[in-house]
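This report concerns only the one structure given below.
The values are calculated or read from the model by the stated rules, or taken from the named source; none is laboratory data. Please read all numbers here as calculations on a predicted model, not as lab measurements. Don't worry about glycine lacking a Cβ; one is built from the backbone with ideal geometry, like all the others, and counts go over all protein chains shown.
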Amino acid sequence: MWAWAVSHPAPRGPDRLQRGRKLHLYHAGPPPLGRVDAALRAVGELGGCSLRLWHVDGERLWLLAGPDPGWVPAVPRTAGLLETPGGAHWFAEVPGLEDFWLEVASPAHGTAARAVGERAGQVVGALLAAERELGQLTEELVGRYEEIDLLYAISEILGQTVRLDVATGTILREVSTVVGARRASIMVFDEPGDTLRVVASRGAVPGSAAPVPITHPTSVAARAFRERSVVSSDDDQQASSLSVRSGDRGYLGTSYLSIPICYAAPGMGTRCVGVINLTDRIGGDSFTAGDRKLLAAVANQIGAAIENSRLVIRDLRQQRLHHELELAHDLQLRLLPDPSVLLPEAEVAARCQPAESVGGDFYTFTRLGRGRVGVMLGDVSSHGFSAALVMALVMSAAGIHSSAGSAPDETLTAM
């Protein structure tokens, strides 16, 4: 692994708020090594010789550091003098590294060249080991940057989007890209049916996945939900049997990772609200411990989003129900006759106040002729919509039967 300045990975946030910048990242190719060049030059000046660092790639040497001689020597087999177009030069393998050779071009051959080569080899070996360690640390930092960038992007998504299907779809795309999963899904617990239903998926036909009962005996997602723990093919004793049973679903590998999505409401215990699933990992058939940690952090964010969405939906339903109750209340009051219809035969005042938005209390008036007025008062047992429906039917029947001019007891009997 060799280091030089390359562009920073582009941020994945929805608004791409972060700017790319130059960092010392590590790449597979062998660029010029500035520090190794300087070390070879300094050691060469002290020893009165010229030093070059070569790398064996197949059957050919490639110059990595030192002055370019304009020719390429043969691949050395053992340490010692090797004839080159520039004369006999000393070649020795760099200690601790395979396929790296140090060339000493010195007027002095034999013991003197060997001594210079051994000292220079120790310096170059230490520098290359430091470069390799730095490369590994940088790779880890780059990985952490991607994870932080992902969590930042998810926070932005959740802050800008209320709809759960839109938010989870975007989050799933970002997560599967970072982890390298061809297939992924987010499932939400449907409490009335005790099932897990898919709200977002990637790599599968939309709407093709049926809800999964949480008691399903072989479902990985159902098991992760029930146990509230991570289920992975790497440490799951049932992995082989589960992967065989899932062969008809077209999976490209045997790896899977299911992480429960939990939410802890203030003052209440933690409860599981869903599961995030990944499978078919690109470039390898196993998910790493880092993948688990990242998915656990993402699951916590998704859990809050699912709970917020549930509260928003419940609030909207309550608002809609309240509006419908208000309409029903106004409609019921309109069914009650206005006392002014009895003028001038009678002056009447009436007031009806249901215990709830709608109820079963009612009154009605009927002109019976010859200056007579019929008044009916009623109270349907129970409250709410059922009582209001019975009340409307009774008022309709009262209007039909009382208009016949019958006595009150006869009217009630007919009703």
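Against the conditions (1) at pLDDT 85 or above; (2) in contact with a helix residue (DSSP H, G or I) (Cβ under 8 Å, 6 or more places away or on another chain), Val124 satisfies every one except (1). Which of the residues belonging to segment 381-391 are in a helix (DSSP H, G or I), without any contact (Cβ under 8 Å) to a residue 60 or more places away in the chain and not aromatic (Phe, Trp, Tyr)? Listed by number, the residues that qualify are Gly384, Ser386, Ala387, Leu389, Val390, Met391.
Among the residues that make up segment 395-409, is at least one of them surrounded by 15 or more Cβ atoms within 10 Å (Cβ to Cβ) and touching a residue at least 40 places away in the same chain (Cβ under 8 Å)? Checked against the condition, which is being surrounded by 15 or more Cβ atoms within 10 Å (Cβ to Cβ) and touching a residue at least 40 places away in the same chain (Cβ under 8 Å), segment 395-409 yields at least one hit.
Residue by residue, here is whether (1) at negative phi; (2) surrounded by 15 or more Cβ atoms within 10 Å (Cβ to Cβ) holds:
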site: Gly48; (1), (2): no, no
site: Ala65; (1), (2): yes, yes
site: Trp71; (1), (2): yes, no
site: Trp101; (1), (2): yes, yes
site: Val104; (1), (2): yes, yes
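Screening Arg163 against (1) within 15 Å of Ser258 (Cα to Cα); (2) modelled with pLDDT under 80 leaves a single unmet condition, (1).
Annotation note: of Gly143, Gly180, the sole residue that is touching a Gly at 6+ places or on another chain (Cβ under 8 Å), modelled with pLDDT under 70 and within 23 Å of Lys293 (Cβ to Cβ) is Gly143. Considering only residues that are without any contact (Cβ under 8 Å) to a residue 12 or more places away in the chain and either surrounded by 12 or more Cβ atoms within 10 Å (Cβ to Cβ) or in a loop (DSSP other than H, G, I, E, B) (or both), which ones fall in segment 331-346? Leu331, Asp338, Leu343, Pro344, listed by residue number. Considering only residues in segment 356-370 that are in contact (Cβ under 8 Å) with a residue 24 or more places away in the chain and assigned to a loop (DSSP other than H, G, I, E, B), the one that is surrounded by the fewest Cβ atoms within 10 Å (Cβ to Cβ) turns out to be Glu356. Beta carbons closer than 6 Å, at least 6 apart along the sequence or on distinct chains, never pair a first residue in segment 80-96 that is over 15 Å from Ala126 (Cα atoms) and hydroxyl-bearing (Ser, Thr, Tyr) with a second that is assigned to a strand (DSSP E or B) and at pLDDT below 90. Among the listed residues Gln353, Gln319, which satisfies the condition of being free of Cβ contacts under 8 Å to residues at least 60 places away in the same chain and within 51 Å of the chain's Cα centre (by Cα)? Gln319 is the lone residue from the list that is free of Cβ contacts under 8 Å to residues at least 60 places away in the same chain and within 51 Å of the chain's Cα centre (by Cα).
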